[in-house]
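The values are calculated or read from the model by the stated rules, or taken from the named source; none is laboratory data. Since we're looking at a predicted model, the values are computed, not measured. With ideal geometry, Cβ positions are generated from the backbone for all residues, glycine too; neighbour counts draw on all protein chains shown. Keep in mind that these areas ignore ligands, DNA and RNA; they rest on the heavy atoms of the full protein, side chains included. Shrake-Rupley method; radii C 1.70, N 1.55, O 1.52, S 1.80 Å.
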Amino acid sequence: MKTVKYRDYQAALTALKNQFEEDGINIYDMVRTPEDPIRLGVNWTACGTVLPKDAAKFGDRLLDAAMAAEEFLYNGYVIDCSK
């Protein structure tokens, strides 16, 4: 199993999160124990009813976030906290 240093993982995750935070889209690590491989999830805030063009724009950003989470460099790695 591949491992990643905690600080390298945190830096990459923070950079990814920062790309979508202003849009109300959050990316979270879904790991439950340190032995679990890294797996990201996407969460978004509900803003109520919006115009169709705004909904489409948000949908595009949400798709971008989902694809970025799916393609995250360290997916499947285990965090090595000893380094």
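For the reader, a short list of remarks on this structure follows.
- Restricting attention to the chain, the count of lysine pairs at 8 or more positions apart or across chains with alpha carbons under 24 Å apart stands at 6.
- Within the accessible area of the chain (1.4 Å probe), percent carbon and sulfur: 53 percent
- Using alpha-carbon coordinates, inclination of helix 52-70 to the longest axis of the chain, degrees: 10 degrees
- DSSP beta bridge pairing in the chain, given as percent antiparallel to the nearest 5: 60 percent
- In the complete set of protein chains, residue-level accessible area for Asp23 is approximately 60 Å², probe 1.4 angstrom.
- Counting only heavy atoms of the protein chains and using a 1.4 Å probe, Thr33 has close to 50 Å² of accessible surface.
- Taking every protein chain into account, the accessible area of the chain amounts to 71 square angstrom per residue (probe 1.4 Å).
- Axis of helix 6-18 versus longest Cα principal axis of the chain: the two differ by about 0°, to the nearest ten degrees.
- Per-pair calculated FRET efficiency, R0 = 35 Å: Lys57 and Ser82 via Cβ, rounded to 0.05: 0.20
- Whole-Å semi-axes of the stretch 34-80's equivalent ellipsoid (Cα gyration tensor): 31, 11, 5
- Approximating the spin labels as points 7 Å out from Cα along Cα→Cβ, the Glu22-to-Asp64 distance works out to 1.0 nm.
- For the stretch 1-73, the average shadow cast by the Cα convex hull is 5.3 nm², which is a quarter of the hull's surface.
- Exposed-site-free run, longest, the chain (rule: GluC sites (Glu not before Pro); DSSP loop; at most 15 other C-beta within 10 Å): 36-70
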